[in-house]
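Notes follow once the structure below has been shown.
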Amino acid sequence: MRFEQELSIRRPPEDVFDYVVDASKLASWQIHKTSVEPLTDGPPGLGSRFRERTKPPGMKEFEQVIEFSEFERPSRLAVHIVEGPQLVDGTWTFTSDGDGGTRVRCVVEGELRGASRFFGPIVKRGMARNFRTYHEHLRENLESA
């Protein structure tokens, strides 16, 4: 499974990157997160791990452990799911748009497991819709700050 999304945010790449990697802000834009717990000490960086609980609409809450598998401030972040029901990872790139804003590109990909494999196209559409919502909240939060 794979999908890509792009959006523009009227803030510099450093601001957008720092907001995305701040665990205390995650539930403010990934609105289906019910909790986020850092599992590693110190500021976020390559190898940082977090335990997330997520409750998507119409689904049972689930838990996953994620790790920053790429961390190149302010241009690239990759998130690898270490434990969880679906091993679907995400990569975000942040590039300057030349006007003080940021072009954000997100690629989500991985193999679906369990019953989700049989409903791949439906699961993919639902996940893509959730990520569109997340990205709209990300834009709104950053542009209103």
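Quick rundown of the values:
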{"item": "Residue-span extension gain [HIS32 to ALA115] - 0.36 nm each, minus C-alpha spacing", "result": "27.8 nm"}
{"item": "Environment charge at SER96 (Cβ cut-off 11 Å; Lys +1, Arg +1, Asp -1, Glu -1)", "result": "-1"}
{"item": "Computed [θ] at 222 nm, deg cm²/dmol, the chain (DSSP H ≥ 4; -39,500 (n - 2.57); rounded to nearest 500)", "result": "-8500 deg cm²/dmol"}
{"item": "Alpha-carbon centroids, the range 100-145 and the range 12-32: separation in whole Å", "result": "14"}
{"item": "Rule-of-thumb Rg ratio for the range 2-144 [Cα; 2.2 N^0.38 Å; N residues]", "result": "1.01"}
{"item": "Relative contact order [Cα under 8 Å, 6+ residues apart], the chain, whole percent", "result": "30"}
{"item": "Mean Cβ count within 10 Å, highest first, over the residues of peptides 53-61, 104-112", "result": "104-112, 53-61"}
{"item": "Relative contact order (%) - criterion: Cα under 8 Å, at least six apart; region: the range 1-64", "result": "21"}
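Rule-based calculations on the coordinates, nothing more; no lab input. Small disclaimer: the values here were computed from a predicted structure and weren't measured. Cβ: placed from backbone, ideal geometry, glycine included. Neighbour counts: every protein chain shown.
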